[in-house]
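**Q** Sharing a structure here in structure tokens format.
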Amino acid sequence: MNYISLDDYKKAWVFRHKDIPVSDIDAANIKPMTSERAAVLWTTMVSREHDHPDFFDKTDWCAQEQNFSQEVNWEDAWESEEPQFPDAILNHLDWQANTTVYFCMARDNIIETSFDVFKRNWQNFMFLADGSLLIGKKRNTVVQFLESGIAKLGEKP
């Protein structure tokens with residue numbers, strides 16, 4: 001089994017926030033990974049050495065500044081009257097709606113969904129922004145969401 005139910009996910013409250021409702025259809029497509037499956041993906045796509053973005057160092061591609069070309073503010077869009085996923089991030093990623101994405105928070109904490117579900121519910125995911133990486137399956141473009149409200153746009157080497 002690669003996933004746990006959203007009901008059993010320890011941070012599921014972000015998807016039940018009364019001010020930012022998630023449809024039942026979207027909730028069914030937000031799939032937290034088991035810690036074992038998350039560890040395999042993290043080791044393959046993020047870091048072999050470090051369990052959380054707080055601990056990345058120069059040996060990790062995601063800590064090397066040359067892999068990131070631009071920073072944008074996601075928090076302003078998140079707090080606006082009509083919160084739209086920031087265009088600068090959309091343009092950078094240039095992913096199709098059905099692209100499988102991984103919202104990577106730590107070695108044992110990754111959520112899989114589709115890009116269209118992520119875009120519709122991005123505000124909910126931002127409650128978990130703490131250096132979290134949004135990575136697309138078979139895609140090189142990446143975004144790192146920082147707790148400061150900044151998103152770093154980059155490319156995996």
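**Q** So which residues in the range 1-56 are assigned to a strand (DSSP E or B) and in contact with a Ser or Thr (Cβ under 9 Å, 6 or more places away or on another chain), if there are any at all?
**A** Scanning the range 1-56 gives TYR3, LYS31, PRO32.
**Q** Looking only at helices (runs of 4 or more DSSP H) that lie completely in the range 66-139, which have at least 2 residues being open to solvent by 10 Å² or more (accessible area, probe 1.4 Å) and modelled with pLDDT of 95 or more? Full working, then the answer.
**A** Details: elements: 75-79, 87-93, 115-120, 122-125.
Helices (runs of 4 or more DSSP H) meeting the threshold: 87-93, 115-120.
**Q** Suppose we filter the range 5-43 for residues that are open to solvent by 60 Å² or more (accessible area, probe 1.4 Å) and within 14 Å of ASN109 (Cα to Cα); how many remain? Full working, then the answer.
**A** Step one: list which residues in the range 5-43 are open to solvent by 60 Å² or more (accessible area, probe 1.4 Å), which gives 7-8, 10-11, 13, 16, 18-19, 21, 24-25, 28-29, 31, 36-37, 40.
Retained after the next criterion (residues that are within 14 Å of ASN109 (Cα to Cα)): 8, 10-11, 31, 36-37, 40.
Total meeting the criteria: 7.
The values are calculated or read from the model by the stated rules, or taken from the named source; none is laboratory data. Worth saying up front: this structure is predicted, and the values here are computed from it rather than measured. Note that we place each Cβ from the backbone using ideal geometry, even for glycine, and neighbour counts take in every protein chain shown. The accessibility values were calculated without ligands, DNA or RNA, using every heavy atom of the protein model including side chains. Shrake-Rupley method; radii C 1.70, N 1.55, O 1.52, S 1.80 Å.
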